[in-house]
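Down below is the structure, laid out as structure tokens.
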Amino acid sequence: MAASTSFRISDAARARLASRAAHEGVTATALLDQLIIEGIDQLDYPGIVFRGPAHDRRAALAAGPDVWEIIGRLQELDGSEEQRISLLAAESDLHPRLIRIALDYAAEHSIQIRERIDRNQAIGERSRHTTRQRAALLA
């Protein structure tokens, strides 16, 4: 539920907010809400950034893959948490510390991460189904 809050911001900040909101096609309030949430997440999880358009933002490592991709791969690996982190670090050249940051972020935002993984798996399944159907048509 949204609550009305009053802030005083500089004219320069207000102008930049309005300009960026117009560029993104969202209201200044919606953009400010997004910036506050993402900014606090970035403070809480150093190394996490946000990518994508306003309607489809996703958390990622600053110099690496999206968090959901990291978690999806960790789920595919066997072993304890530390063994999985070590395996992923070895295969991806990601530092284990960054993988742990992604894992911590995902733990705090598990619903969003699960939804992204599920969506990706559904897209993959649709693609495999289409490939099988095309092959059947040509058989």
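The values are calculated or read from the model by the stated rules, or taken from the named source; none is laboratory data. No experiment lies behind these values; they were computed from the predicted model shown. FYI the Cβ positions are ideal-geometry reconstructions off the backbone, even for glycines, and counts take in every protein chain you see. Remember, those area values only see protein heavy atoms, side chains included, never the ligands or the DNA or RNA. Shrake-Rupley method; radii C 1.70, N 1.55, O 1.52, S 1.80 Å.
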Cβ-based net charge around Asp44, under 10 Å, with every Lys or Arg adding one and every Asp or Glu removing one: -3
Charged-residue dipole, Cβ positions (Lys, Arg, Asp, Glu), the chain about Cα centre, Debye nearest 20: 560 debye
Scattering curve values for segment 17-139, log₁₀ I(q)/I(0), Debye with Cα scatterers, q = 0.14, 0.21 Å⁻¹: -0.72, -1.15
Accessible area in the full protein assembly, largest first, 1.4 Å probe, for Asp44, Asp93: Asp93, Asp44
Heavy-atom accessible area per residue - the chain, 1.4 Å, Å²: 71 Å²
Theoretical ellipticity at 222 nm over the chain - DSSP helices of four or more residues, -39500 (n - 2.57) apiece, nearest 500: -22500 deg cm²/dmol
Karplus-derived 3J(HN,Hα), 6.51/-1.76/1.60, for each residue of segment 117-133, Hz, glycine and proline x: 5, 4, 4, 5, 5, 5, 4, x, 5, 4, 5, 5, 4, 4, 4, 5, 5
Dipole magnitude of segment 4-55 about its Cα centre (Cβ charges: Lys, Arg +1; Asp, Glu -1), debye to nearest 20: 220 debye
For Thr131, solvent-accessible area (1.4 Å; no DNA, RNA or ligand), Å²: 80 Å²
For the chain, with +1 on Lys and Arg beta carbons and -1 on Asp and Glu, the positive-most of His109, Trp68, Thr130 along the dipole: Thr130
